[in-house]
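These notes concern the structure reproduced below.
The values are calculated or read from the model by the stated rules, or taken from the named source; none is laboratory data. What you see is a predicted model; the values in this text were computed from it and never measured. No Cβ is skipped: glycine too gets one built from the backbone with ideal geometry, and neighbour counts run over all protein chains shown.
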Number of protein chains: 2
Amino acid sequence: MSARGNLVVGQSGGPTAVVNASLVAVIQEALRHEAIGEIDGMRFGALGLLQEDLVDLRRVSREILEDLRRTPSAALGTSRVDLGDDDVERIMRTLKAREIRYFLYIGGNGSAATALRLHRLAADLRYDLHAIAIPKTIDNDLVETDHCPGHPSVARWLGVSVREAGLDTEAIGTADPVKVVETMGRHTGWVAASTALARQREGEAPHLIYLPERPFATQQFLADVERVHRERGHVLIAAAEGLVDERGQFLA
Amino acid sequence: MSARGNLVVGQSGGPTAVVNASLVAVIQEALRHEAIGEIDGMRFGALGLLQEDLVDLRRVSREILEDLRRTPSAALGTSRVDLGDDDVERIMRTLKAREIRYFLYIGGNGSAATALRLHRLAADLRYDLHAIAIPKTIDNDLVETDHCPGHPSVARWLGVSVREAGLDTEAIGTADPVKVVETMGRHTGWVAASTALARQREGEAPHLIYLPERPFATQQFLADVERVHRERGHVLIAAAEGLVDERGQFLA
């Protein structure tokens, strides 16, 4: 870190239990660096820069930051905007006019792509900008990360909920013996796989898990369900949203 | 309570967080009465009597009963069966053959109806039977009860979840400003109304609640949503499953 300048930070995409913890970490680290002048937050993600709707994060008290670290949802507000080239250029003009050298964006794949576009445009313009994407997504699908901060809370919630749903299905197996839980996770199976985390004994839910990393075969699925139903009288299935068939076509 | 005889208890319909607490209460109370001989549990509701699949509840230890009191789901297993007249007569023959004078059924509307049918058939046959329905339902819609035991846990869960969903909707109101949470509750609004229980300040979710006790008017609904969206930028709506239009037709 070398260039003197201001910093702007934003949150983007679906809020998770920990995006405010990432925001607090950015503010606390930024406060330690003399090269950084203003520390501003974008209201509702990139919209905050397009509409110059920013909040002064240096004025947030230490006590509020401590509370914010443990508060779910996204304190700055988030958005899902498809930025056109015009938008990106307008954001770059705002960054330059405000002497912002640090652009930090907490989000998923889309936010990382936005940071990359700003980085490339700044390089073309020979403007010294540090554009940094901070992983947020629950999907745990960002390469170069050990795990994404949004993933563990989702994994914990799904593990417990699927175990509960399994106990319900076991109790009422005579009437509603088959339950399917569809999980998020985009093209990866991390979220679907996490439904198994609260299993405590052999035979507990989920009994079958289908991940996008392997093609879904309908006949095999039906045979699997029939086998578990015969053995246990009830079946709980976890299916990832990104399931594809043998030809790579999405199932849902 | 006068007639000497055996007791049978069952659980029916969807399990809740507290149907096992009701079961434990039945066992513990029954243990105190000398008029009661065997205390048996029906496996999977009335199916347990049809198939003579019963478990001896006198053999369950005091320690297990204490644990069971706080364990969700339905320990005996439940069912949803439409009993024909033949089934009811077969159950009555089993009750008589086993000298069962106490039939206790933990469940909702269907279970109460089953207990009533057995009561009437026993009266016709001049068989001394105490057929007792124990309220379970989350819907809180059984008359003559102050509240149904299944309702408070659902109310608590929905209150917290709708508040969380409201914080999410507020954070991402620029992209997904309107969210509808459909609740259970059959023909009553108790469950939908309970979504408001965790509100802590003016303007928190849910912003609009629609109950079956009043007809749903589409134009008014659209005007309500538009007004809240104009005021707050986001809207969270709780809608009961039993909503009807002005002609009394179900909406879903």
Of everything in the range A:190-223, what is closer than 22 Å to A:His151 by Cβ, polar (S, T, N, Q) and at pLDDT 95 or above? Give them in sequence order. A:Ser194, A:Thr195
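Residue by residue, here is whether (1) aliphatic (A, V, I, L, M); (2) in contact (Cβ under 8 Å) with a residue 40 or more places away in the chain holds:
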residue	(1), (2)
B:Val162	yes, yes
B:His187	no, yes
B:Leu208	yes, no
B:Ala217	yes, no
B:Phe221	no, no
B:Leu251	yes, no
Take A:Thr78 and tell me if it is of a type outside the set (Asp, Glu) and buried (at least 21 other Cβ atoms within 10 Å of the Cβ). yes
Given (1) farther than 15 Å from B:Gln11 by Cα; (2) surrounded by 15 or more Cβ atoms within 10 Å (Cβ to Cβ), where does B:Gly84 come up short, assuming only one miss? (2)
Within the range B:133-148, count every residue that is of a type outside the set (D, E, K, R), farther than 22 Å from B:Ala239 by Cα and crowded, with 17+ Cβ neighbours inside 10 Å. 3
Can you find a residue in the range B:209-220 that is out of contact with any Cys (no Cβ under 6 Å at 6 or more places or on another chain) and assigned to a strand (DSSP E or B)? yes
Of those in the range B:63-84 that are at pLDDT 95 or above and of a type in the set (D, E, K, R), the residue nearest to B:Leu142 (Cα to Cα) is B:Arg69
Taking the stated definitions as given, is B:Thr169 among the β-branched types (Val, Ile, Thr) and more than 14 Å from chain A (Cβ to nearest Cβ)? no
Taking the stated definitions as given, is A:Glu34 surrounded by fewer than 18 Cβ atoms within 10 Å (Cβ to Cβ), without any contact (Cβ under 8 Å) to a residue 12 or more places away in the chain and more than 29 Å from A:Met184 (Cα to Cα)? yes
Among the candidates A:Ala205, A:Ala198, A:Ala175, A:Ala192, residue that is within 25 Å of the chain's Cα centre (by Cα) and within 14 Å of chain B (Cβ to nearest Cβ): A:Ala198
Report, by residue number, each residue of the range B:110-126 that is without any contact (Cβ under 8 Å) to a residue 40 or more places away in the chain and surrounded by 15 or more Cβ atoms within 10 Å (Cβ to Cβ). B:Ala112, B:Ala115, B:Arg117, B:Leu118, B:His119, B:Leu121, B:Ala122
Taking first residues from the range B:130-147 that are in contact (Cβ under 8 Å) with a residue 24 or more places away in the chain and second residues anywhere that are among the charged types (D, E, K, R) and surrounded by 22 or more Cβ atoms within 10 Å (Cβ to Cβ), the pairs with Cβ under 8 Å that are 6 or more apart or on different chains are B:His130/B:Arg101
Within the range A:13-24, is there a residue that is out of contact with any Phe, Trp or Tyr (no Cβ under 9 Å at 6 or more places or on another chain), polar (S, T, N, Q) and at pLDDT 95 or above? yes
Need the failing condition index for B:Leu236 against (1) outside any strand (DSSP E or B); (2) buried (at least 20 other Cβ atoms within 10 Å of the Cβ); (3) within 14 Å of chain A (Cβ to nearest Cβ), just the number. (1)
